[in-house]
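Notes follow the structure.
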Amino acid sequence: MPRLSIIVTAYNIEAYIRECLDSVTGQTLRDIEIIVVDDGSTDATAAIIRDHAARDARIRPIIFAKNTIGGVATAANAGMDAATGDFIGFADGDDIYDPRMFEKLLEAAETHSADLAMCDYHVLDDSTGTLMEPADARQWKSWPQGGAVDLDEEGRRRMLLFVSVPWRKIYRRDLVERINLRFPVGDYFFEDNPFHWAAILGGQRMAMVPEKLCRHRVARAGQTMATVDSRLLRIFLHHDTIRDELRRQGFEAAHGRDLLRWTAGQLAWTSERATGPVLTELYTVLRPVIGQYDRDAIEEFGRLHGKGRTYLMLEALRTDDRAAFERAAKGEAGGAAKGGRARGSLFARGLFHLRHSGLRRTARIGMRYIGERLGTGAPGRPGTPAADRHVPTASDLMAAMIVLQADLRGLRAELAELRREHTPHNDHPGDS
């Protein structure tokens with residue numbers, strides 16, 4: 001029986017799977033089994049997996065004949081069913097892992113007698129090669145030297161603030177079997193959210209490894225988070241799954257408000273992207289979810305996190321006021337002077353795009369807007385003279401944003417509100 005089983009999930013990632021498998025087989029921890037599950041790829045991914053398995057006896061390939069409706073959840077569960085290690089870890093087939101990662105996680109878990117161990121990571125923008133901080137970077141400040149967290153009520157609450165992704169954690173087999181830990185299978189996205197909640201609720205201690213030992217790839221073609229249509233709204237299907245897990249483990253009273261905070265975080269993020277019919281559908285999807293919370297719960301959220309745009313959307317959902325919801329989502333209810341914010345304002349757009357797209361893409365967006373506003377055309381677009389094209393800089397970004405909104409009278413109040421709204425609540429889809 002190996003000390004650790006590493007489950008690698010893959011689907012149509014022929015350009016990336018070699019580098020991932022090389023980083024996994026090159027781990028300093030040698031007593032491992034590597035279960036690579038391909039979810040019915042139609043490109044060369046499966047062939048590359050078989051080739052690696054032929055050269056390394058530790059690799060056990062599981063190749064699905066066709067893509068499953070459960071996607072990564074079905075693949076990950078198949079890997080868990082096949083795993084024999086004392087601990088189970090995960091790897092995304094398009095990510096890159098430090099050769100010391102799994103050894104450090106295992107050492108931390110064993111040293112602290114922990115059910116789980118988690119490390120920090122970098123976000124790798126595939127379009128630029130830029131390394132960025134993840135959304136939960138600030139949460140690590142409490143553990144600069146590592147250590148462990150007892151998963152009592154307060155410890156669980158703190159761990160639920162971290163991004164939910166499983167590929168920078170390992171899980172003790174006893175925990176997996178004791179709570180029957182599995183990913184929910186269905187026509188979902190973001191299945192790691194309920195998985196994370198179940199593990200944190202069921203575990204007794206989490207070991208913390210503050211080193212950045214993984215590079216998680218984003219902004220690649222075909223990735224889940226390239227999605228901007230109504231499929232984004234499937235994140236909210238997990239609310240009731242998490243609620244049921246809270247009830248099953250007897251934690252609804254302790255963490256019901258944490259679930260509302262998680263839902264509000266997803267709402268804030270998703271509503272920034274939703275437009276037209278998707279925004280209408282967002283209301284329809286969320287109305288029965290938020291209808292489960294009473295006025296006191298929504299008011300408490302407002303007291304703790306501010307009564308800005310997200311609070312206004314939650315209150316409109318609670319009272320079944322579609323018009324108020326759409327006004328709040330579009331930034332038409334309130335404004336900076338009243339504690340809200342305009343959806344298209346300087347810091348709203350800038351902070352959102354900087355956080356989810358990075359500086360270069362945000363600069364290009366800003367340059368396009370300034371060109372359209374001034375009637376000069378956007379640098380780099382078809383029909384623009386080559387002499388006018390240049391690489392966007394931070395100065396371009398700021399100039400464009402200033403043109404977008406010259407009125408800064410409500411800046412201080414707006415920035416304070418944005419800090420509250422954009423403090424990571426747990427996971428948002430942008431990190432899947």
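Taken together, the values in this text are just the output of simple stated rules run on the coordinates, not laboratory data. Just so you know, these numbers come straight off a predicted model, no measurement behind them. When we count neighbours, we look across all protein chains shown, and the Cβ atoms used for this are built from the backbone with ideal geometry, even at glycine.
Each Lys or Arg adds one and each Asp or Glu takes one away; over the other residues whose Cβ falls under 12 Å from the Cβ of Arg287, this sums to -1. If you take all C-alpha pairs in the stretch 230-338, what percent of them are over 25 Å apart? For the stretch 230-338, the fraction of Cα-Cα distances above 25 Å is 17 percent. Taking the average, over residues, of other Cβ atoms within 10 Å as the packing measure, peptides 143-150, 50-57, 321-328 rank 321-328, 143-150, 50-57 from highest down.
For the pair Asp56 and Asp81, the difference between a 0.36 nm per residue extended length and the Cα-Cα distance amounts to 6.9 nm.
Compute the normalised compactness of the stretch 112-222: alpha-carbon radius of gyration over 2.2 N^0.38 Å, N being the residue count.
For the stretch 112-222, the normalised Cα radius of gyration is 1.11.
Applying 0.36 nm per residue to the separation of Thr28 and Asp244 and subtracting their alpha-carbon distance, the gain on full extension is 73.8 nm.
When Lys212, Lys330, Lys66 are arranged by Cβ crowding within 10 Å, least crowded first, meaning fewest neighbours, the order is Lys66, Lys330, Lys212. Packing here is the average count of other Cβ atoms within 10 Å per residue, and on that basis the peptides 182-195, 229-242, highest first, run 182-195, 229-242. Placing R0 at 22 angstrom, the Cβ-Cβ distance between Arg157 and Arg303 gives a FRET efficiency of 0.85 after rounding to 0.05. Averaged over residues, the count of other Cβ atoms within 10 Å places the peptides 198-205, 273-280, 121-128 in the sequence 198-205, 121-128, 273-280, highest first.
Of all lysines in the structure, those lying under 17 Å Cα to Cα from Lys104, and not within fewer than 8 positions of it along the same chain, are Lys169, Lys212.
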